Amino acid sequence: MIQIYNTLTKRKEEFLAPGSKIRMFVCGPTVYDYIHIGNARTFVVFDVIAKYLRYRGYGVNYIQNITDIDDRIIKRAQETGQNWKELSEKFEKIFLDNMKSLKVDSVDKYPRATDHIPEIIKQVRTLIEKGNAYLIEDDGYYFDLKTFPEYGKLSGRTSEMADDAVSRIDENSKKRDRGDFCLWKFSKEGEPSWPADFGAGRPGWHIEDTAITEKYFGPQYEIHGGGQDLIFPHHEAEIAQQESASGLKPFVKYWLHVGFLVNKGGKMSKSLGNFLTIEKALEKYSPEALRFYFLSAHYRSLLDYTEENLKQAEVAITRIAEFKNRLRFYDQNSKPINIDDVKEIEKMHDEIFEAMNDDFNTPKAIGVLFDLIHKINNLIDKNIDVSQLTPPIAALGLFDSVFGVVGGEVKIAKEVQKLIDEREVARKEGDFARADELREQIKNLGYEVEDTIYGPLVKKLHNAIVTN
Ligand SMILES: [Zn+2]
């Protein structure tokens, strides 16, 4: 059985039975700039979650919205003298290309906010008619938090604490409560605008999500995900909107949130300027290494950004690719494997899947995979036939189809590989003078060796990493 930590109940809960239909929604990007690797982490995590659930037999319908109308888009377009639509189309394309490069291919639909204006208008109208929204003249319609006493149930915060998270269009001194948020903003001269019977304008920050999910999923569904920074106020606002509009609770059964990616102790963000875009990261690292890096911490934990961590990931995926090749090991003099070893390997296989069933504990699954690799390599070194074992193939299948961290065959010239192996032996024996000598020889052949916790990282000297 799968256990999932639910932000709403603040505990791990038994998930639905395998075979169930799962409607899953994850907040997508606001397409006004390149996304950074912290955002990419969130999208890779939910890609793995969707793929794992499908792997276990769930029918997952996965939707992610594209926010293509927003304050930041309008502002950026004005600053750069572009048309807001051209700007958002450009960054939407870049985002989708980035996702493809990262092997994020589990999303069934990427609906745009601007393609769902009628649904947004309909939901705003419902909230006005039900008395949950009020008008501020010459500004727009706001959600009245006094009509929704449960506000704060996801985050444990109140509307009084909302001031640090309001967006520009939510600022107005005439609001009844400081946490009240904008549902529909009347348009000013030169701003994008859509006609509505209650006044031409554009959607507020939160309304597109619930309008889109109501259209494709109905008023209630199973999983809503996003980055941790969206819990408040964005996801609280979504709950307030949808539960008020439909009168049905809960809007979403399981809420999942991904932790921050931190750089030098601070959250990676555009406003802090300490970010690495996924475009740049993909120039430097393979998609498998980036995915491995994202999955090397539990999704709810902080993940540290360091060059060292990414280099380790690059080596780790090389080890996994080598393992894939070694698994088919059989030579005529091979000895049969004994039953204790088979049992140990089966146990490791089960532990990998148990880790995934326990709130998608990818670092634990990775740890056990490396124990398994170690074990199998030892057997092969002892000339034992491992070619008939199925548990390692199943484990590798998971790391390939769900984790997406199994790349192509590692191609390093044989003579270089021989020197690398010799150098590893020298290092293990503490003969560092010999190891340095070998490093020089390797360098003369055009390769560079660096040592990481997963073993040597071998790169071509012009900095291209030698995988594939
Ligand atoms: Zn959202």
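Annotations
- Candidate set: the range 151-179, residues that are small (Gly, Ala, Ser) and modelled with pLDDT of 75 or more; chosen: the one surrounded by the fewest Cβ atoms within 10 Å (Cβ to Cβ): Ser173
- Number of the condition not met by Gly430 [criteria: (1) in a loop (DSSP other than H, G, I, E, B); (2) modelled with pLDDT under 90]: (2)
- If the condition is being away from the ligand (no atom under 12 Å from the Cβ) and β-branched (Val, Ile, Thr), then the range 214-238 contributes only Ile223.
- Cβ pairs under 7 Å, 6+ apart, first in the range 409-438 and of a type in the set (Asp, Glu), second surrounded by 12 or more Cβ atoms within 10 Å (Cβ to Cβ): Glu409/Ala321; Glu415/Leu445; Glu422/Leu438; Glu424/Pro456
- Pick from the range 342-363, criterion among the charged types (D, E, K, R) and more than 22 Å from Leu389 (Cα to Cα), ranking: farthest from the chain's Cα centre (by Cα): Asp358
- Counted residues, the range 187-213 - those being in a strand (DSSP E or B) and within 14 Å of the ligand (Cβ to nearest atom): 1
- Scanning the range 302-325 for residues that are without any contact (Cβ under 8 Å) to a residue 60 or more places away in the chain and either part of a loop (DSSP other than H, G, I, E, B) or over 26 Å from Gly227 (Cα atoms) (or both) gives Leu302, Thr306.
- Search result, residues across the range 138-157 that are within 14 Å of Gln242 (Cα to Cα) and outside any loop (DSSP other than H, G, I, E, B): Phe143, Leu145, Thr147
- Identity of the residue in the range 1-55, of a type in the set (Lys, Arg) and surrounded by 20 or more Cβ atoms within 10 Å (Cβ to Cβ), that ends up farthest from the chain's Cα centre (by Cα): Arg23
- Total residues in the range 334-374, condition farther than 23 Å from Leu295 by Cα and among the hydroxyl-bearing types (Ser, Thr, Tyr): 1
- So Val124, is it touching a Leu at 6+ places or on another chain (Cβ under 9 Å), crowded, with 16+ Cβ neighbours inside 10 Å and modelled with pLDDT of 95 or more: yes
- The set of residues in the range 33-71 that are within 14 Å of the ligand (Cβ to nearest atom) and more than 18 Å from Lys93 (Cα to Cα) comprises Thr42, Phe46.
- Index of the failed condition, Gly59 passing every other in (1) surrounded by 14 or more Cβ atoms within 10 Å (Cβ to Cβ); (2) closer than 29 Å to Gly19 by Cα; (3) of a type outside the set (S, T, N, Q): (1)
The values are calculated or read from the model by the stated rules, or taken from the named source; none is laboratory data. Values in this document were obtained by computation on a predicted structure and should not be read as measured data. Note that we place each Cβ from the backbone using ideal geometry, even for glycine, and neighbour counts take in every protein chain shown.
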